[in-house]
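Visitor: Pasting in a structure now, in structure tokens, and then I'll have a few things to ask.
The values are calculated or read from the model by the stated rules, or taken from the named source; none is laboratory data. Remember, it's a predicted structure, so these values are computed and weren't measured experimentally. Glycine gets a Cβ as well: all are built from the backbone with ideal geometry, and neighbour counts include every protein chain shown. Note: accessible area is taken over every heavy atom of the protein model, side chains too, but ligands, DNA and RNA are not part of it. Shrake-Rupley method; radii C 1.70, N 1.55, O 1.52, S 1.80 Å.
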Amino acid sequence: MRAVVLQSPGSLEIVDRDIPRPHRGEVLVRIKATGICSTDLMVYQGRQPVTMPIVPGHEGAGVVEAVGEGVVGFQLGDPVIAEGSWGCQICAACQGGREPLCPNRVSQGRTRDGTFAEFLVAPTRGLHMIPRDLDFGIAQALISVACSVRAMRRGRPEFGDSVAIFGPGIAGLILSQLAHDNGASGVTMFGTRDWRLDMAANLGADETINVRQDGWMERARSLTNDQGFDVVFETSGDPNALSDAFELVKTGGRIVVFSVYEDVIDAFPAQLLYRKEVSVIGVRGGAGGYPLAIDLVRAGRVQLDPLVTHRLPLDEAQEGFRLMERRDEGVQRIALLP
Ligand SMILES: [Zn+2]
Ligand SMILES: [Zn+2]
């Protein structure tokens with residue numbers, strides 16, 4: 001099979017590999033589409049602690065090509081998505097139902113070879129059936145929906161809450177749809193690029209604010225009559241946005257941190273944490289969010305079509321990363337098609 005291998009930061013190679021064989025409880029998936037997520041970009045740029053060479057990618061959809069011994073519930077030809085990572089099932093975290101916190105977690109494209117290949121072996125506990133009529137180029141983004149479902153469950157905005165989201169990337173744009181659908185009194189999207197904010201406006205955000213414009217903070221405050229937002233989701237990965245979240249959250253409100261920050265954040269607004277009694281909630285991965293994510297997309301309650309802006313052959317993975325690095329207008333999710 002063909003696989004994309006990251007040899008060193010920024011250097012990809014297309015290699016020929018043996019097709020892996022599924023062991024007991026595992027399934028061989030023929031990958032039909034795999035997305036380039038911002039986490040993959042960090043791996044590609046060497047900004048994540050990953051041992052190379054490695055096959056990147058953790059958001060993949062495809063069909064069951066072969067099943068290992070003892071597999072039930074999956075048959076040849078079934079359309080599936082593979083979870084981005086999975087727990088060991090035996091540690092205290094896994095046993096206690098907190099699988100995302102498993103210290104032995106297997107993460108595709110980070111601790112083991114990932115989805116940028118023609119085939120992938122995954123355990124059935126990390127696989128989900130998807131609707132037969134769902135396009136694979138769209139289905140790969142279900143992993144991002146599952147993560148957003150988990151962010152909603154962690155942040156639990158209530159009916160009528162005001163919601164702010166920093167970062168109109170794919171996660172932020174899914175969250176704005178979920179928050180709107182959940183009965184938020186208003187969803188305000190904050191970003192730095194107008195075309196992405198326009199996308200947000202088309203996908204359920206009631207207000208959009210470009211934080212590069214003068215007076216944006218005052219405008220944001222006025223949207224809630226200076227009360228602040230009940231729940232703020234920080235998905236941009238920008239430490240400044242985290243500080244801004246503390247400024248804009250309501251007293252007693254919640255900040256959901258759904259970002260990977262690279263460095264130590266030294267301008268943490270600790271005074272506001274105390275003064276406003278803010279709850280800060282971390283989110284890692286989408287474990288447990290997959291069945292609902294699939295149902296929401298099947299029912300048309302989360303629009304993914306506008307978010308998948310590019311489709312490239314798998315061999316052009318390097319071009320895909322370049323497109324993301326250049327931050328060109330119109331680039332959101334890039335799907336690679338083996
Ligand atoms: Zn991802
Ligand atoms: Zn575990």
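Visitor: If you look at just the Cα atoms of the chain, how large are its Rg and its Dmax in Å?
Guide: Expressed in Å, the Cα Rg and Dmax of the chain come to 19.9, 62.
Visitor: At 1.4 Å probe size, with the rest of the protein present, what percent of the exposed accessible area of the chain is carbon and sulfur atoms?
Guide: Exposed carbon and sulfur together represent 46 percent of the surface.
Visitor: Related question: For F233, enumerate residues with amide H under 5 Å from its amide H, sequence gap 5+ or separate chain, H modeled in the peptide plane.
Guide: For F233, the qualifying residues are A164, I165, F166, V256.
Visitor: Oh, and also: Please give the calculated 222 nm ellipticity per residue for the chain, where each DSSP H segment of at least 4 residues contributes -39500 (n - 2.57) and the sum is spread over every residue; nearest 500 deg cm²/dmol?
Guide: -7500 deg cm²/dmol
Visitor: Treating the range 146-282 as a set of equal point scatterers at the Cα positions, no solvent, please give the Debye-formula log₁₀ I(q)/I(0) at q = 0.10, 0.13, 0.16 Å⁻¹.
Guide: For the range 146-282 at q = 0.10, 0.13, 0.16 Å⁻¹, log10 I(q)/I(0) is -0.27, -0.46, -0.72.
Visitor: When averaged across all projection directions, what area in nm² does the alpha-carbon convex hull of the range 216-322 cover?
Guide: One quarter of the hull surface, i.e. the mean projection, equals 10.1 nm².
Visitor: So, one more: Kindly provide log₁₀ I(q)/I(0) values, in the same order as q = 0.17, 0.23, 0.24, 0.31 Å⁻¹, from the Debye equation applied to equal alpha-carbon scatterers of the range 277-333.
Guide: -0.86, -0.96, -0.96, -1.12
Visitor: Follow-up. Taking only protein heavy atoms and a 1.4 Å probe, what accessible area per residue, in Å², does the chain have with all protein chains in place?
Guide: Value returned for the chain: 44 Å² of accessible area per residue.
Visitor: Can you give the percent of C-alpha pairs in the range 20-78 whose distance is more than 13 Å?
Guide: The calculated P(r) of the range 20-78 puts 67 percent of pairs beyond 13 Å.
Visitor: Ok, one more. Translational diffusion coefficient of the range 76-166 at 4 °C, 1.567 mPa s, Stokes-Einstein with Kirkwood Rh over Cα pairs, in µm²/s as a whole number.
Guide: In µm²/s, the coefficient rounds to 85.
Visitor: Looking only at S38, S222, S85, which one moves most when the chain is put into a Gaussian network model with springs between Cα atoms under 10 Å?
Guide: Residue with maximal mean-square fluctuation among S38, S222, S85: S222.
Visitor: Which residue, A317, A171, A139, has the most motion in a Gaussian network model of the chain that connects Cα atoms within less than 10 Å?
Guide: Largest GNM mean-square fluctuation: A317.
Visitor: Quick one: what Rg and Dmax do you get for the range 1-147 from the alpha carbons, in Å?
Guide: Gyration radius and largest Cα-Cα distance of the range 1-147: 14.8, 41 Å.
Visitor: At 7 Å along Cα-to-Cβ for each site, give me the label-to-label distance between I265 and E158 in nm.
Guide: So the two model labels end up 2.5 nm from each other.
Visitor: Near the amide H of T208, under 5 Å away, which other amide H atoms are found, from residues 5 or more places off or on another chain, if H is placed in the peptide plane?
Guide: Amide H neighbours of T208: M189.
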